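Below is one structure; the comments refer to it alone.
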Amino acid sequence: MTRTSQQLARFEALRGQAVALRASGKSRAQIKDLLGIGSDGTLNELLRDVIPPGSPLRANAKDDLRTRARELRLAGRSYGEIVSELGVSKSSVSLWVRDLPEPPRLGPEQRKQRAAEGARRYWESERGEREARRQEVRDDAAAMVGQLSERDLLIAGAVAYWCEGGKNKPGRRYDRVVFMNSDPGLIRFFLRFLDVAGVDRADVVFHVCIHETADLVEAEKFWLGQTGGTEDQFGNPVIKRHRPATVRSNVGEEYHGCLRVEVRRGARLYRKIEGWVEGIFRAASIESAEPALDR
């Protein structure tokens, strides 16, 4: 197919990007993903005669490519797999290996194993880069937050409590501040919120909630360190009975249960949290999905 000058210019620009990505060490799958290329044929055309970094193959060394293609074919690889690994056209592969016997057809289990091995190799190279991209996004987002004012802490803390804390229900007054979570960072943040709200740390009581099969002593030590509290602030633990039929993922040395944080004489604080949350909803012009606050 003859390309117009505009099509040729776009092709050359795309080829330049593909070649640069290949030179930087990107895999063929990564290049297809980054450039939005849908087929191996298009990618082969863009990377024609381009040898990946670190490859023992010489540029224009068709003899080496032919040898490698024959080795792969004798190892039972399909045309598509050879094309994908070497970055050559299917017609070249066909020419190089047509005298070799066709590999025996793989059974279902062999195809499954080969697919799994291919996926494993791909993710070994891809996982690190993906995590680096995720971390970059997290770092950029964290930098946007900056320093929190006391007002910021009150707003964020009230919302966190409304999501995770104990609340009044229609027909039943609660008026107690009880917050429970397994995330140490969220627990530390909630304690910071209590400080800004004017709560004396001496009025805070902790209870470890944990499965009976876990190490309670180590869990209490862990939460003691996370909260900066004293041993006499820790009340009786809440033990959850083990159910053998339940499959749990929260096991092992990293499991420390949940921490229940209660504020003594917290009725006034609870009512203030109600007000802060109501003010947040008003300011954002949002009606709460919860029933109307019971006054």
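The values are calculated or read from the model by the stated rules, or taken from the named source; none is laboratory data. Everything quoted here is computed from the prediction, not taken from an experiment. Methodologically, a virtual Cβ is constructed for each residue, glycine included, from the backbone with ideal geometry; neighbour enumeration extends over all protein chains shown. We work out accessible area using only protein heavy atoms, side chains counted, and drop any ligands, DNA or RNA first. Shrake-Rupley method; radii C 1.70, N 1.55, O 1.52, S 1.80 Å.
If I take R0 = 41 Å and measure r between the Cβ atoms of LEU35 and GLU150 in this structure, what FRET efficiency does the formula 1/(1 + (r/R0)^6) give, to the nearest 0.05?
It comes to 0.25.
Name the residue from GLN113, VAL178, VAL93 whose Cα lies farthest towards the positive end of the charge dipole of the stretch 59-185, charges +1 on Cβ of Lys and Arg and -1 on Cβ of Asp and Glu.
The one lying farthest along the dipole's positive direction is GLN113.
Roll a 1.4 angstrom probe over the protein heavy atoms and tell me the percent of accessible area of the stretch 84-196 that is carbon or sulfur.
53
Could you compute the FRET efficiency for VAL19 and ALA142, with r as their C-beta to C-beta distance and R0 at 25 Å, rounded to 0.05?
0.10
Could you grab the relative contact order for the chain? Cα pairs under 8 Å, six or more apart, rounded to a whole percent.
Here the relative contact order equals 15 percent.
If each of ARG192 and LEU8 carries a label point 7 Å out from its Cα toward its Cβ, how far apart are those two points in nm?
6.1
Using a 10 Å cut-off on Cβ atoms, rank the peptides 167-173, 192-198 from the highest mean neighbour count down.
Top to bottom by mean Cβ count within 10 Å: 192-198, 167-173.
From the square roots a ≥ b ≥ c of the eigenvalues of the alpha-carbon gyration tensor of the stretch 141-196, which class results: rounded (a/c under 1.5), prolate (a/b over b/c), or oblate? The partial results should precede the final answer.
Details: a/c = 2.42, a/b = 1.98, b/c = 1.22.
Prolate, because a/c is 1.5 or more and a/b exceeds b/c.
Which FRET efficiency value, to the nearest 0.05, is calculated for THR213 and ARG264 with the Förster distance at 30 angstrom and r the Cβ-Cβ distance? Show your work: numbers first, answer last.
Values: r = 31 Å, r/R0 = 1.05.
E(calc), rounded to 0.05, equals 0.45.
Explain nothing, just the number: relative contact order of the stretch 100-253, from Cα pairs under 8 Å at least 6 residues apart, as a whole percent.
Computed value for the stretch 100-253: 16 percent relative contact order.
Taking the Cα atoms only, what angle lies between the long axis of helix 216-227 and the longest principal axis of the chain, rounded to 10 degrees?
Computed tilt is about 80 degrees.
Using a/c under 1.5 as the rounded threshold, could you call the stretch 114-251 rounded, prolate or oblate? The axes a ≥ b ≥ c are square roots of the C-alpha gyration tensor eigenvalues, and prolate needs a/b larger than b/c, oblate otherwise.
Since a/c reaches 1.5 but b/c is at least a/b, the shape of the stretch 114-251 is classed as oblate.
Output the antiparallel fraction of DSSP beta bridges having both residues in the chain, as a percent to the nearest 5.
Looking only at bridges with both residues in the chain, the antiparallel portion is about 75 percent.
Charges on Cβ only, +1 for Lys and Arg, -1 for Asp and Glu, centred on the Cα centroid of the chain; of ALA219, ASN44, ALA132, which one is farthest towards the dipole's positive end?
ASN44
State the extension gain, in nm to one decimal, for the chain segment bounded by GLU81 and TRP123, taking 0.36 nm per residue of separation less the distance between their alpha-carbons. Don't skip to the answer; put the middle values down first.
On the way: separation 42, 0.36 × 42 = 15.12 nm, distance 1.70 nm.
Working it through step by step, the gained length comes to 13.4 nm.
7 Å from Cα along Cα→Cβ at both ARG111 and ASP63: what's the point-to-point distance in nm?
Between ARG111 and ASP63, the label points sit 3.9 nm apart.
Suppose all protein chains stay in the model; what accessible area per residue would a 1.4 Å probe give for the chain, in Å²?
Each residue of the chain exposes 65 Å² on average to a 1.4 Å probe.
In debye to the nearest 20, how big a dipole does the chain give about its Cα centre with +1 on each Lys and Arg Cβ and -1 on each Asp and Glu Cβ?
Values: 50 positive and 43 negative charges, 215 e Å.
Dipole magnitude for the chain comes out near 1040 debye.
Taking 7 Å along the Cα-to-C-beta vector as the label spot, tell me the VAL205-ARG48 distance in nanometres, rounded to one decimal.
So the two model labels end up 8.0 nm from each other.
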